Structures are given as C-alpha cells and as structure tokens.
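**Student:** First the structure, which I've put down as structure tokens, then a few questions once you've had a look.
The values are calculated or read from the model by the stated rules, or taken from the named source; none is laboratory data. Every value quoted in this text rests on a predicted model; they were computed, and no experiment measured them. Cβ: placed from backbone, ideal geometry, glycine included. Neighbour counts: every protein chain shown. Just so you know, the surface numbers come from the protein's heavy atoms only, side chains and all, with ligands and any DNA or RNA stripped out. Shrake-Rupley method; radii C 1.70, N 1.55, O 1.52, S 1.80 Å.
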Amino acid sequence: MVDLSSCYLHTLGDSEREKLADLRSRLPQLLERVREESEEARKQDKLTIWGVVLEDQNDASDIVLLKFIRAEELDVDKAAERIVSTLVFRADCQITNLRDAELPDYFQGHDTLSGVDVDGRPVLISRFGKMDLEKVFGDVEAFVRYRAKLMEQAMAKLSFRRGEPEELTQVHDYSGVPLIFQTSQVKGSVAAVTKVFSEHYPETKGKTIFVNFPAAFAKLFKAFSVFIPERTLKKFLILGENDHAQLFENILPDVIPEGIGGMYRNNLTATCQLVPVRARGVEERALVAGPGTLDWELRVCYTDIAYEVVFAPSDGSPEEVVDKSEGKLLLAEDGIVSGTFEAKVPGTLKCRFRNEGAWFKSRLCICRGQAK
C-alpha cells in the first residue's frame, strides 16, 4: 500500500509537492476539456468542487487537488482524469445547486448533521429504520440525488484550511430495519450511490460507523465492499446493538441522537458524563451546583436501570429527592429523562444509577446538568 502520510497540505513532502505543482499546472487544459465535454460546464464562469474554485491558488484548492492525488495513490495522470470526470459529473448533474434543493417528504427526517467527532470531523448520522423502502430506494436517480445532497451539506461543514479536518464521519443506524432491506431494489440504489461516491467524492470518509448492524446484513456489506478501496474499508467500524461505549469513543454522546442511545436533542449544552454501572452496583455522579435553577438529564443506553436524582445541601442537611424511577426501571427505549429543580440553598444536584437487580450484566448510563 502506498504511503500517503506526506500527501496532506500540512505534512507535504518534497515529492508530493512536485506532484501537486504538476497537477495544478495542468488545470487550464483540464478545465478546457471539461467545458468541451459539458454544455452545463460552459455556462459556468468558475468550476468548483465543494464550493472551492480550483483555479484559485490557495490552501483550499490545494487541499481538494491533494484529495484526488491521494485517491489515485500519487498517480498524477489518473488524478487529472478523475478531476475532469468529477467536474463533468458535477456540472451535468447540477450538484452545486443540489445542496439547497427541496426533496420529497419521504427523504426527510432520517438524517442528522450536527457537531463533530472526537477528531473534529463533521458527523452525518443516517437512520434507515423508519424509511419507506419502496419510495426511498425505488428510484435510483432520486436516491443518489438524496444522498449527494447530504454529502454536499456535510462537505460544506469543512473549513478547507491547512491542518484542519478534511474528512467526514458518518454513522448508519440500522435499528428497526427489516430483513427485506436486502431486496434487489435496495441493492441497486446502494450500489449506484456507492459507485458515485467512490468516483466523485474522493478522500471524504474519515470513518463510517455502522450501529445496530444485524448479522444478516454482513453479506450485503461484503458484496458492496468490492467497490470500495482498501484504505477506505479500513475506516469502517461495525457495531452491534449494545456497543455504545465503543461508539462514544469516536463520537461523544452529546452529538448522538436520542433514538440511538445518545443525548442530542437541542436541550442542554453541558458536557455529558458516561457512567458504567457494574452488575449489582450503584454509581453516583455530581451534576451541577446550586443555588439556582438547575436542569438535569439522564438515560440508560441499553436494557434498563433504576435511578434517583437528589439535592444534597452544602450544610449537611438531609438530601431532598428530586426524582426517582419509583418502583419501575428506566428502559433504554424511554430515552432521556429530564427535569428542573429550584435550589434555594447552596448544594449539589446528584444522580444515582442502581443496577442492583442485575446478576451478571453491566449497564452504561449518561447524565448531565447545568444551571440556568
């Protein structure tokens, strides 16, 4: 495998710098070819990729050119051909305008684009469980446009500045996906979009995480992996239903939607605390100090847990119970439990997670609090 570590703008080696200069010197001829091949391209004063004008000699255009060089493993001739192909594709399919295009209702509500992962990459989360499969995957061209629109929106989150993140992290949630997801209709649309992205969105995947991934879909994934370069395959992470701890190693729970075990729902902004609770164990965490108006949130990521929220006055007075699970366990599917407490005296709002009923299995919980 070719070493590409010196083919980033902030780590550029002498050989890679020469290849970048070579590719840039070819740009006038390449752009002329694009306009010869595409009527739509001839209508554009400037040809762009992800909002970056390739003719402008700056860090942003260098970063884009280097992506194509890396994608072709330092072969400048192949990188040049791919740039022509991508620019023709973007012009003919009007990809730049697609970012703000309106799509049918059945494509909406499945995707979240907010926050960054632990390495600063923008995070795009897609949930397939509530999709109308026939409508979403039935029209291959419409499906490709839908996914391309999302990619354009995600790429717009990148700064294209030297040394800053250049790639995306994507999360694909398969919870609730039926086995008929493996129909030929679905396979055709997925194969089409995989081909488009591999050809025209080079070096955009920092990591792709499959969560709640059923074992039955492993064969489907393997079939489509033939379209994916080996270096890209190494960026994939497949997680089962209860692998939240590993998910949170890559993306903080603050960014993960409530529906797949996270705490993102546009309420509190305080940093989340991850709380592993061993079998037959109890764990306590301080949430926020009073006095004042104190907001709190908590959840269990899988299975169930008992909990209580208490306020402990600083003067040693007895705790006040703010909320508790009251004889029934909090379930993972219940999502986030939240509340507000008016603390009239100095003290600390705390939560306790109780896993005393479990003999063998631990739980993973999350909590946070903040003062208004």
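**Student:** State yes or no: is Val118 among the hydrophobic types (A, V, I, L, M, F, W, C), in contact with a helix residue (DSSP H, G or I) (Cβ under 9 Å, 6 or more places away or on another chain) and surrounded by fewer than 18 Cβ atoms within 10 Å (Cβ to Cβ)?
**Tutor:** Against the criterion (among the hydrophobic types (A, V, I, L, M, F, W, C), in contact with a helix residue (DSSP H, G or I) (Cβ under 9 Å, 6 or more places away or on another chain) and surrounded by fewer than 18 Cβ atoms within 10 Å (Cβ to Cβ)), Val118 qualifies.
**Student:** On to the next question. In the set Ser25, Ser6, which member is loosely packed, with under 14 Cβ neighbours inside 10 Å, under 20 Å from Glu164 (Cβ atoms) and of a type in the set (Gly, Ala, Ser)?
**Tutor:** Answer to the check: Ser6.
**Student:** Out of all the residues in the range 302-309, is one or more among the aliphatic types (A, V, I, L, M), surrounded by fewer than 18 Cβ atoms within 10 Å (Cβ to Cβ) and touching a residue at least 40 places away in the same chain (Cβ under 8 Å)?
**Tutor:** no
**Student:** Enumerate the strands (runs of 3 or more DSSP E) found wholly within the range 319-372, keeping only those where 2 or more residues are open to solvent by less than 30 Å² (accessible area, probe 1.4 Å) and of a type outside the set (D, E, K, R).
**Tutor:** In the range 319-372, 337-354, 363-371 are the strands (runs of 3 or more DSSP E) which contain 2 or more residues that are open to solvent by less than 30 Å² (accessible area, probe 1.4 Å) and of a type outside the set (D, E, K, R).
**Student:** Please verify whether the range 2-22 includes one or more residues that are more than 12 Å from Asp62 (Cβ to Cβ), of a type in the set (D, E, K, R) and modelled with pLDDT under 95.
**Tutor:** yes
**Student:** Here is a follow-up. Suppose we filter Arg90, Arg82, Arg42 for residues that are modelled with pLDDT of 95 or more, among the charged types (D, E, K, R) and crowded, with 21+ Cβ neighbours inside 10 Å; which single one remains?
**Tutor:** Answer to the check: Arg90.
**Student:** Now for a separate question. Take Leu27 and decide whether it is more than 22 Å from Leu168 (Cα to Cα), among the aliphatic types (A, V, I, L, M) and at pLDDT below 95.
**Tutor:** no
**Student:** Taking Gly138 and the conditions (1) open to solvent by less than 30 Å² (accessible area, probe 1.4 Å); (2) over 21 Å from Ile251 (Cβ atoms); (3) of a type in the set (Gly, Ala, Ser), which numbered condition does it fall short on, given that it satisfies the others?
**Tutor:** (1)
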